[in-house]
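Chemist: Okay, here's the structure, questions in a sec.
The values are calculated or read from the model by the stated rules, or taken from the named source; none is laboratory data. Computed from a prediction, not measured in an experiment: that's the story for all the values here. Here Cβ is always computed from backbone atoms with ideal geometry, including for glycine, and neighbour counts include all displayed protein chains. What goes into the accessible areas is simple: the full protein's heavy atoms, side chains included, and nothing from ligands, DNA or RNA. Shrake-Rupley method; radii C 1.70, N 1.55, O 1.52, S 1.80 Å.
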Amino acid sequence: MALSMFLRTPVCTNQAFTKQIMRLATYSATSNSSLTLRALPSVLSHKDHAIKPQTTPIFDSVRSFRTTAVRMSDDEKPHDHAKLWVIEKATSALLVPLIPLGLLIPNKLFDSLLAILITAHSFWGLEAIAVDYVRASIFGPVIPKIAIGLVYLISIATLGGLFYIISHDVGLANAVRHFWSVKSNSQVA
Amino acid sequence: MPLLRLTSGTFGQLRTFATSATLGKRIKTFAVYRWNPDEPDKKPYTQNYEVDLDDCAPMVLDALLKIKNEMDPTLTFRRSCREGVCGSCAMNIDGVNTLACISHIDKNLSKPTKIYPLPHMYVVKDLVPDLSNFYRQYQSIEPWLQRDKEATKGKETQLLQDVEDRAKLDGLYECVLCACCSTSCPSYWWNGDKYLGPAVLMQAYRWIIDSRDDATEKRLSKLKDTYSVYRCHTIMNCTRTCPKGLNPGRAIAQIKTLLSGIVKKQPPILDPAGLEKQAAQN
């Protein structure tokens, strides 16, 4: 505590001393543990400290304290996920009444609406799985993008397939109803 | 017959305690995770320690201290207040993240108590995790009061806050930043670099809904991206494991409603600058 106060207020403007302390406090985890084996230069050149030390000081008293905001996620455009979240939850909420309703009253309009909602809901669900689990830190830079691509592919195929059932087949509600009307061999006999 | 009555009940228990204390009959095994950074190639292992519960205070931290003092001084762990208010001794005890100092030792002698460091954290040594990222994330939410107009030095007046507004902070300010909740969250395990985690998010909420704070818009806008808040899928391990009985899961849900724009922060019941304005008039 005292050491940190000492270092922050430039009472002792001896840079060499400050750098010495920083050098002592900065300890690369990968290198050998014994600090005494290293040759400690009495004065470090300015060039050494122009580059930010890549290692974190182990003594908290010498850590620099940033007060500006630290961007924790990607430094891309500030992606507004908040609006998307509202739509995701609205879709989930809408599905609750619409699925029973759609099954009760089979018609093309409800079927189409349901197809869109179900595809969207599944897409966002699969996307969350891919984002959560297929991480760049374990899979590298390429595979996560392939995973997201697969999610898009599956969703498009789902939507296409559902619309095919609506337009060229019995429709979604009727298809589900037909599943329930399938009788097993033992029952028929 | 009267002599037999003497051997039962409380008096009987006192009698048996007095005669068996030195025999070490209640031996409990503690299976503790060990790893030494000075021998980095040696894989982590579990070391068993036997503690006589008759000679040990009731909490897990007491057992750890007894082991360190009497059996193995190299056992390394963080501790400070020993009363559940500092958050230093957070660790995984029998699969649950809690504070060791307020966690009673399970008296079942047939099973060992497993003590592990907080899950999915880099280990500095034995039971000591590296919480640097956790602290960096806490720093990033700017955990201090921000006013539109800071008071001029020397002329600061008390900021007013209604009792009801202060009640909104109950259940939020008591957090000791022990990291039990964040390290129990699977989303934090998988995306701990970008997802802030329940502890930090609950503190973000604590500052967002403080009636005296003016930086609500700014605070919320920093949380809008895909990772900071929205990796929470309401798993609720956080609330389940909090050793202080707090509810980070609920705080995160409140943040989500505020971010959605459907719910807005209520204006303060008492104008915080009330006294300042009064002083300016006089």
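Chemist: Whether any residue in region B:231-248 is at the interface with chain A (Cβ under 10 Å from one of its Cβ atoms), out of contact with any Lys or Arg (no Cβ under 9 Å at 6 or more places or on another chain), modelled with pLDDT of 95 or more and open to solvent by less than 10 Å² (accessible area, probe 1.4 Å) is what I want to check. Lay out the reasoning, then the answer.
Modeler: Start the filter on region B:231-248 by keeping residues that are at the interface with chain A (Cβ under 10 Å from one of its Cβ atoms), which leaves B:231, B:233.
Applying the additional criterion that residues be out of contact with any Lys or Arg (no Cβ under 9 Å at 6 or more places or on another chain) yields B:233.
Imposing the further condition that a residue be modelled with pLDDT of 95 or more reduces the set to B:233.
Filter once more, so that each one left must be open to solvent by less than 10 Å² (accessible area, probe 1.4 Å): none.
Scanning region B:231-248, I find no residue that is at the interface with chain A (Cβ under 10 Å from one of its Cβ atoms), out of contact with any Lys or Arg (no Cβ under 9 Å at 6 or more places or on another chain), modelled with pLDDT of 95 or more and open to solvent by less than 10 Å² (accessible area, probe 1.4 Å), so the answer is no.
To keep it simple, each residue is scored yes or no on (1) among the acidic types (Asp, Glu); (2) assigned to a loop (DSSP other than H, G, I, E, B); (3) crowded, with 22+ Cβ neighbours inside 10 Å.
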{"position": "B:ALA179", "(1), (2), (3)": "no, yes, yes"}
{"position": "B:ARG250", "(1), (2), (3)": "no, no, no"}
{"position": "B:ALA253", "(1), (2), (3)": "no, no, no"}
{"position": "B:LYS264", "(1), (2), (3)": "no, yes, no"}
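Chemist: With B:GLU150, B:GLU174 as the choices, which residue is open to solvent by 40 Å² or more (accessible area, probe 1.4 Å), of a type outside the set (Lys, Arg), more than 14 Å from chain A (Cβ to nearest Cβ) and more than 20 Å from the chain's Cα centre (by Cα)?
Modeler: On the way: B:GLU174 fails: more than 20 Å from the chain's Cα centre (by Cα).
Only one candidate passes the filter, namely B:GLU150.
So that you can scan it fast, the table gives a plain yes or no per residue for (1) assigned to a helix (DSSP H, G or I); (2) touching a residue at least 24 places away in the same chain (Cβ under 8 Å); (3) not hydrophobic (A, V, I, L, M, F, W, C):
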residue: A:PRO141; (1), (2), (3): no, no, yes
residue: A:LEU153; (1), (2), (3): yes, no, no
residue: A:ILE156; (1), (2), (3): yes, no, no
residue: A:TYR164; (1), (2), (3): yes, no, yes
residue: A:ASN174; (1), (2), (3): yes, yes, yes
residue: A:LYS183; (1), (2), (3): no, no, yes
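Chemist: Please determine whether any residue of region B:123-132 is over 20 Å from B:PRO40 (Cα atoms), crowded, with 16+ Cβ neighbours inside 10 Å and not β-branched (Val, Ile, Thr).
Modeler: For region B:123-132, residues over 20 Å from B:PRO40 (Cα atoms), crowded, with 16+ Cβ neighbours inside 10 Å and not β-branched (Val, Ile, Thr): absent.
Chemist: Right, here's the next one. Looking for something touching a residue at least 24 places away in the same chain (Cβ under 8 Å) and surrounded by fewer than 15 Cβ atoms within 10 Å (Cβ to Cβ) - is there at least one such residue anywhere in region A:122-132?
Modeler: no
Chemist: Closer than 21 Å to B:SER182 by Cβ, within 16 Å of the chain's Cα centre (by Cα) and open to solvent by 60 Å² or more (accessible area, probe 1.4 Å), is that true of B:VAL96?
Modeler: In short, yes.
Chemist: Among the residues of region B:30-60, count how many are touching a residue at least 60 places away in the same chain (Cβ under 8 Å), part of a strand (DSSP E or B) and surrounded by 15 or more Cβ atoms within 10 Å (Cβ to Cβ).
Modeler: Total meeting the criteria: 5.
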